[in-house]
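Following: one structure in structure tokens, then a few remarks.
The values are calculated or read from the model by the stated rules, or taken from the named source; none is laboratory data. Nothing here was measured: the structure is a model prediction, and the numbers come from that model. As a convention, Cβ positions derive from the backbone with ideal geometry for all residues, glycine included, and neighbour counts pool all protein chains shown.
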């Protein structure tokens, strides 16, 4: 698909560059460059853009500005670069999980769970994949293909509290445990 086709699809869907960029977890300038043909998206990025566009302007993803998996990955990447605390990074994952409760249509799910770019940290890539996989189990839908194979070589205990590690080891959601991410399930749920 060339840039002009991408632009035509976006406009036909009634979406702005800003809406597409936000939901796809990329910069508005990148989407504009893809449409102009001055920059070529890789296949993963193109699939993500198309999923976000195909959801349409009436999608809850766009209307409610949901924190999609791609948008969450982008926010995690920024937070990691800026040295945010783990609690602040977990807040992003919690928001994404909370926003997923609003999904009803397959097109909304496709946009929301489109394959994100890397967070820049294998631990947070595994966290995001596990969180999405856990949501899929909860909702009774298949987990996105991109969540497979995102596992750590050694366990990552998200908590710094040594006394909590045994609890976290036993209670971390299975979709995260199998990826080596040990996290208190309460840290993943909005209150």
**OP:** Could you please find all residues in the range 144-160 being under 18 Å from residue 91 (Cα atoms) and either in contact with a strand residue (DSSP E or B) (Cβ under 6 Å, 6 or more places away or on another chain) or loosely packed, with under 12 Cβ neighbours inside 10 Å (or both)?
**Re:** 156, 157, 160
Original post:
Can you pull out the residues in the range 2-42 that are within 21 Å of the chain's Cα centre (by Cα) and outside any helix (DSSP H, G or I)?
Top reply: 15, 16, 25, 26, 27, 41, 42
**OP:** Check off (1) assigned to a helix (DSSP H, G or I); (2) surrounded by 15 or more Cβ atoms within 10 Å (Cβ to Cβ); (3) without any contact (Cβ under 8 Å) to a residue 12 or more places away in the chain for residue 100 and give me the number that stays unchecked.
**Re:** (3)
**OP:** Name every residue in the range 21-43 that is within 14 Å of residue 110 (Cα to Cα) and surrounded by fewer than 14 Cβ atoms within 10 Å (Cβ to Cβ), in order of residue number.
**Re:** none
**OP:** Kindly establish whether residue 104 is in contact with a helix residue (DSSP H, G or I) (Cβ under 6 Å, 6 or more places away or on another chain) and within 30 Å of residue 185 (Cβ to Cβ).
**Re:** no
Original post:
Quick check, is residue 93 surrounded by 15 or more Cβ atoms within 10 Å (Cβ to Cβ) and either more than 24 Å from residue 157 (Cα to Cα) or more than 11 Å from the chain's Cα centre (by Cα) (or both)?
Top reply: no
Original post:
If residue 109 satisfies every condition in (1) at pLDDT 95 or above; (2) in a helix (DSSP H, G or I); (3) in contact with a helix residue (DSSP H, G or I) (Cβ under 8 Å, 6 or more places away or on another chain) but one, which is the exception?
Top reply: (3)
**OP:** Working only within the range 123-143, note down all residues that are in contact with a helix residue (DSSP H, G or I) (Cβ under 7 Å, 6 or more places away or on another chain) and buried (at least 17 other Cβ atoms within 10 Å of the Cβ).
**Re:** 124, 127, 128, 129, 130, 131, 132, 133, 134, 135, 143
